[in-house]
1. Pick from segment 61-113 the residues that are surrounded by 12 or more Cβ atoms within 10 Å (Cβ to Cβ) and charged (D, E, K, R): which of them is nearest to the chain's Cα centre (by Cα)?
2. So which residues in segment 12-34 are under 22 Å from Met1 (Cα atoms) and either surrounded by 20 or more Cβ atoms within 10 Å (Cβ to Cβ) or touching a Lys or Arg at 6+ places or on another chain (Cβ under 9 Å) (or both)?
3. Out of Ser132, Ser151, report the one residue that is assigned to a loop (DSSP other than H, G, I, E, B), in the same structural domain as Ala99 (by TED's automatic domain parsing) and either at pLDDT 95 or above or small (Gly, Ala, Ser) (or both).
4. Take the residues of segment 145-172 that are within 20 Å of Asp122 (Cα to Cα) and surrounded by 15 or more Cβ atoms within 10 Å (Cβ to Cβ): which is farthest from the chain's Cα centre (by Cα)?
5. In segment 124-144, what residues are surrounded by fewer than 19 Cβ atoms within 10 Å (Cβ to Cβ) and either in contact with a strand residue (DSSP E or B) (Cβ under 6 Å, 6 or more places away or on another chain) or closer than 13 Å to Leu162 by Cα (or both)?
6. Given Tyr104, Tyr73, which one is of a type in the set (Ser, Thr, Tyr), within 30 Å of Gly7 (Cβ to Cβ) and in a helix (DSSP H, G or I)?
7. Inside segment 193-203, can you point out the residues that are assigned to a strand (DSSP E or B) and either at positive phi or surrounded by fewer than 24 Cβ atoms within 10 Å (Cβ to Cβ) (or both)?
8. Among the candidates Ile246, Ile231, which residue alone is assigned by TED's automatic domain parsing to the domain that holds Thr11 and over 22 Å from Ser132 (Cβ atoms)?
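The values are calculated or read from the model by the stated rules, or taken from the named source; none is laboratory data. Keep in mind it's a predicted model, so treat the numbers as computed, not measured. Cβ coordinates were reconstructed from backbone atoms using ideal geometry, including for glycine residues, and neighbour counts include every protein chain displayed.
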Amino acid sequence: MKVINLGCQLTYSVMAPANFLFQISVPQNNYQSVWNEGFQTTPEYELQVCDTGLLGNRTHRVLVQPGEFTIGYQAVVELYQVSSLDTDLIEVAHADLPADVLTYLNPSRYCESDKLMKFAWDTFGYLQPGYSRVQAIADWVHNHLSYTPGSTTSTSSACDVLLQCSGVCRDYAHLCITLCRALGIPARYVTGYAVDLQPPDFHGFHEVYLSDRWYMFDATKLAPVSGFARIGAGRDAADVSFATIIGAADSMYHYVWATEGVSDNTDNRQPMPNDALSSA
């Protein structure tokens, strides 16, 4: 068990009435327990909780009037992560996959597995199926790409990243997901808060279905999987964007934190201090 103190503060300049959809909160599920969760908005607005969906992703919606708008979130989370350091994990035959896993074999907006099928089989098809092949894909992506902030945009796909050999965490995850799906291995995108990530930000990992469950991998190797608190999962980053804005608004300030706490199950489950959410 590991305890994580986490949160974020996001500030926007809103030029006209704008509708915001935020995926910044940490849901309670089989991977984690959530304590002392809280939101703050300045000016004060009521947040509407939208449908969490099949994976438990939570979206909060708010209509904001022109002016400066800040939203803050904090929580204390206990993690129950499943280790992926089991070399006996196997790839599951298509006929034996659970029905809710099948969608993660299909191409998606940022993961064009149909276009990279020949490349994936030429590069990784000869490897022993199972955990070792999935880890080999993550290692190859780590070595092939250069982590370069600003090198990709919101439209960059796995194919773009493969050609330009650079990207950020979401791009590493997208390329791994794409190569796994091209080999017939279900894979999905996961976003959340990561301890020891530098610089601190929301982080993108990927999960692969092996044996009988999902296992998490991080091709960037920038943060330990054991210190990752998930916000949500989806086919790719389009499903779990931390902020979607319908209207005229610009980002002014963006701060994310995740630090390891102490587990005693009672006294240390305290909210983050209010000054952590003060304006920059």
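1. So, considering only residues that are surrounded by 12 or more Cβ atoms within 10 Å (Cβ to Cβ) and charged (D, E, K, R), the one nearest to the chain's Cα centre (by Cα) is Arg109.
2. Ser25, Val26, Pro27, Asn29, Tyr31, Gln32 - these are the residues of segment 12-34 that are under 22 Å from Met1 (Cα atoms) and either surrounded by 20 or more Cβ atoms within 10 Å (Cβ to Cβ) or touching a Lys or Arg at 6+ places or on another chain (Cβ under 9 Å) (or both).
3. Just a single option satisfies the conditions, and that option is Ser151.
4. This residue is Gln164.
5. Scanning segment 124-144 gives Trp140, His142, Asn143, His144.
6. Tyr104
7. Result: Phe202, single match.
8. Ile246
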